[in-house]
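Notes to accompany the following structure.
The values are calculated or read from the model by the stated rules, or taken from the named source; none is laboratory data. Because the structure is predicted, anything quoted here is derived from the model rather than measured. Note: ideal-geometry Cβ built from the backbone for every residue, glycine included; neighbour counts use all protein chains shown.
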Amino acid sequence: MVDKNAITETFKRAATDILLIVVGVSIALTGDSWLAQRAENARTNQLLDALEAEWAAELVRMDTYLDELSQAKLAIITAINANRDNPPKLTASEAASLLRQTFRWGTFKPSDGALNTLLVDGLQNIDDTSLRMAVASWRTVLAEIVAEQAALRELGTLSEPMIGARIAQESRTAYSSEADEYSYDGYGMDAGIYALAAFADDEFIANKRHLLDLLNRYQKQLVSIRATLERNLTMLQERPPN
């Protein structure tokens, strides 16, 4: 007859072995999961460091854009005022310099390499809810100026060249002997003479008035977006580690 105590002992040992195996596997899986999460957190922290540097650079670039916008707007206002004096009370060199300044503005183009990566596979690892929302919504914030940028580009790429070509064509008859190495954008004219003719042209000035209105709206939007970016950057700089 089989010894019942021996059978019971055998079952106890088997149960103990199974329990040890289960506990060991659980510990191993937990350890692997912890290590994987730690690696993910480390990678997310690296991406957030990269985003911090990216946004800090963006802030500097925005300030440059805003400064250029202010200077261009001032030049446009001066050109509009010059139109009231016919001919404008400017020398040819003053007019040429002023005209160049009216074109010295640009639309903001963000560089978002770190942001792209975070949005793809790192957003869920950001523990700070406010920071996670700020990162997730940044492109939506930027989308607010897309329409204004499109309007500015359209005005610059369509209206300006057409008006400029007409001014050059009409003015070349009077100033055909003035073309030299300082010719304006391939029109075969001295830059100063072209600028004086442009500032005396009502259609050109009307175009500049429209541009000034667009630049004013665009600048206000960019200032608002800059304030948002500055807040986001502060959150990044003050964030606790994941």
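Summary of values
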{"quantity": "Residue within the range 105-118 that is closer than 30 Å to LEU196 by Cα and surrounded by fewer than 18 Cβ atoms within 10 Å (Cβ to Cβ) present", "calculated": "yes"}
{"quantity": "Test: ALA72 is more than 30 Å from ARG239 (Cα to Cα), touching a residue at least 24 places away in the same chain (Cβ under 8 Å) and touching a strand residue (DSSP E or B) at 6+ places or on another chain (Cβ under 8 Å)", "calculated": "no"}
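Listed here are the residues, each with its yes/no results for (1) closer than 30 Å to GLU68 by Cα; (2) modelled with pLDDT under 80; (3) in contact with a Lys or Arg (Cβ under 6 Å, 6 or more places away or on another chain); (4) among the hydroxyl-bearing types (Ser, Thr, Tyr).
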| position | (1), (2), (3), (4) |
| --- | --- |
| LEU98 | yes, no, no, no |
| TRP105 | yes, no, no, no |
| PHE108 | yes, no, no, no |
| GLY113 | yes, yes, no, no |
| ASN116 | yes, no, no, no |
| ASN125 | no, no, no, no |
| SER130 | no, no, no, yes |
| SER137 | yes, no, no, yes |
